[in-house]
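Asks: Can you keep this structure in mind? I'll have questions shortly.
Please treat every number below as a calculation from the coordinates, not as lab data. From a predicted model like this one, the values you see are computed outputs, not experimental measurements. Here the Cβ is made from the backbone with ideal geometry for all residues, glycine too, and neighbour counts use every protein chain on show.
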């Protein structure tokens, strides 16, 4: 099964907003409200940012928000900060009872 | 405070076997669904395996199906990944992760992560 499609890189200036897309199919992203997003800094374990499309765990900044339309999910980061520079991954449950990650997006804060 | 510590990684020859462990603390393993996720050097994340909270269901990525098994020892609060017939493309940092939905089957998400244990498959 191919990875969900994410842009390889995005960039933005401090204070700006950026959106990372995660495109799948009707067998994964489009099938369930089971999309999650993770942030990974170099050499660190991933960290959960968003679950079930748009829910933020306790302790995650309101600057991170998630949404979904059809087969595409999106992560928006508002008020970009230097510490947001990291790799971001989406994940979705699939109709094959597996979990599928996106290829990852490198965010650069200019 | 949830804490996950993986161990058991190392260098193994192609065709060999390895068993990874994930010691859990701060919560009861037997009440929670758990996953293994891996990351090849310089690459993205790949979900590997899942075990339901009661051990009644296990699911695997196609890339490891038939070669890897997942299990748990509730008395030790420890999760395992038995890896057989290892191949060079199994080389990766292996993370265990707690599902945020205790009753996930396995439509959940990775709420807490360990720091990973490195597996290198090479002759």
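Asks: For region B:1-50, go through all pairs of different Cα atoms, get the mean of 1/r, take its inverse, and jot down that Kirkwood value in Å.
Replies: Values: mean 1/r = 0.0769 Å⁻¹.
Mean inverse Cα-Cα distance, inverted, gives 13.0 Å.
Asks: Starting from the Cα gyration tensor of region A:40-79, multiply each eigenvalue by 5, take the square root, and state the resulting semi-axes largest first in whole Å.
Replies: Values: eigenvalues 72, 32, 21 Å².
Equivalent ellipsoid semi-axes, largest first: 19, 13, 10 Å.
Asks: Sort chain A into rounded, prolate or oblate with this rule: let a ≥ b ≥ c be the square roots of the eigenvalues of the Cα gyration tensor; rounded if a/c is under 1.5, and if a/c is not under 1.5, prolate when a/b is larger than b/c, oblate otherwise.
Replies: Details: a/c = 1.77, a/b = 1.66, b/c = 1.07.
Cα axes put chain A in the prolate bin.
Asks: Still on this structure, I have one more. Working from the alpha-carbon coordinates of chain B, get Rg over Rh, Rh being the Kirkwood radius.
Replies: On the way: Rg = 13.4 Å, Rh = 14.2 Å.
Radius of gyration over Kirkwood radius for chain B works out to 0.94.
Asks: Of the listed peptides B:54-65, B:18-29, A:95-106, what is their order by residue-averaged count of other C-beta atoms within 10 Å, with the highest listed first? Mind dumping the intermediate values first?
Replies: Values: B:54-65: 14.8, B:18-29: 17.7, A:95-106: 19.4.
Packing order, densest peptide first, comes out as A:95-106, B:18-29, B:54-65.
Asks: On to the next question. Compute the relative contact order of chain A as a whole-number percentage, counting only Cα pairs closer than 8 Å that sit 6 or more residues apart in sequence. Intermediate values should be presented prior to the final figure.
Replies: On the way: 276 pairs, mean separation 41.5, N = 110.
Once divided by the residue count of chain A, the mean separation gives 38 percent.
Asks: Defining a contact as two alpha carbons under 8 Å apart and six or more residues distant in sequence, what relative contact order in percent does chain B show?
Replies: Numbers: 324 pairs, mean separation 44.1, N = 123.
So the answer I get is 36 percent.
Asks: Given Cα pairs under 8 Å that are at least 6 residues apart, what percent is the relative contact order of region B:42-107? Mind dumping the intermediate values first?
Replies: Numbers: 57 pairs, mean separation 19.9, N = 66.
This gives 30 percent for region B:42-107.
Asks: Could you tell me which of rounded, prolate or oblate describes the protein assembly as shown, using a ≥ b ≥ c as the square roots of the eigenvalues of the alpha-carbon gyration tensor, with rounded for a/c under 1.5 and, failing that, prolate when a/b is larger than b/c and oblate otherwise?
Replies: Values: a/c = 1.63, a/b = 1.50, b/c = 1.09.
Prolate, because a/c is 1.5 or more and a/b exceeds b/c.
Asks: Would you tell me the mean number of C-beta atoms belonging to other protein chains that fall within 10 Å of each C-beta in B:97-110, as a whole number? Don't skip to the end; give the middle numbers.
Replies: Details: counts 4, 0, 1, 6, 3, 0, 0, 3, 2, 5, 10, 7, 15, 11.
The mean count of partner-chain Cβ atoms within 10 Å per residue comes to 5.
Asks: A further question follows. Please express the Cα-Cα pair-distance distribution P(r) of region B:77-123 as a list of whole percents, one per 10 Å bin, running from 0 to the bin with the greatest distance.
Replies: 22, 43, 30, 6, 0
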